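S.K.: The structure's right below; bear with me while I get my questions together.
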Amino acid sequence: MLFCPCCGNLLLIELSGDVQFYCKTCAYRYTLSGQISRSLTLTRKSVDPVLGGETAWQGADKTQNPCPVCAFPDAFWIQMQIRSSDEPMSRFYRCCQCAHQWRED
């Protein structure tokens with residue numbers, strides 16, 4: 001895949017006559033003179049915590065709900081409205097020992 005250096009749109013392949021890439025938006029054309037091979041290594045973006053990260057759990061209440069991973073009896077919990085307003089709130093739990101997170105709708 002190549003992108004237009006003028007407008008940034010994806011270049012399309014035209015096979016009539018000389019093989020060339022062209023841009024549908026502007027008049028840019030790139031004629032192929034041989035074989036092209038390019039390698040691009042993508043880097044992963046950092047993921048933002050969906051539940052607010054560590055700060056969301058600092059003021060969370062504690063309850064007796066066993067962890068499904070380590071069976072520790074206590075967990076922190078918070079409630080959030082993640083679906084439509086006529087649906088019940090979802091409870092999110094975090095184990096006090098292993099920090100595993102799970103939810104109950």
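S.K.: Of SER37, SER16, SER46, which residue is closer than 30 Å to GLU104 by Cβ, loosely packed, with under 11 Cβ neighbours inside 10 Å and either in contact (Cβ under 8 Å) with a residue 40 or more places away in the chain or among the polar types (S, T, N, Q) (or both)? Even if it seems obvious, please write down each step before you answer.
M.R.: Working: SER37 fails: closer than 30 Å to GLU104 by Cβ; SER16 fails: closer than 30 Å to GLU104 by Cβ.
Testing whether each residue is closer than 30 Å to GLU104 by Cβ, loosely packed, with under 11 Cβ neighbours inside 10 Å and either in contact (Cβ under 8 Å) with a residue 40 or more places away in the chain or among the polar types (S, T, N, Q) (or both) leaves just SER46.
S.K.: To continue, here is another question. Looking at the structure I just gave you, is GLN20 in contact with a strand residue (DSSP E or B) (Cβ under 6 Å, 6 or more places away or on another chain), of a type in the set (S, T, N, Q) and at pLDDT 85 or above?
M.R.: In short, yes.
S.K.: Name the residues in region 58-90 that are assigned to a strand (DSSP E or B) and crowded, with 16+ Cβ neighbours inside 10 Å, would you?
M.R.: Step one: filter region 58-90 for residues assigned to a strand (DSSP E or B), giving 61-64, 74-80, 90.
Within region 58-90, ALA75, PHE76, TRP77, ILE78 meet the criteria.
The values are calculated or read from the model by the stated rules, or taken from the named source; none is laboratory data. In this text, all values refer to a predicted model and were calculated from it rather than measured experimentally. Here Cβ is always computed from backbone atoms with ideal geometry, including for glycine, and neighbour counts include all displayed protein chains.
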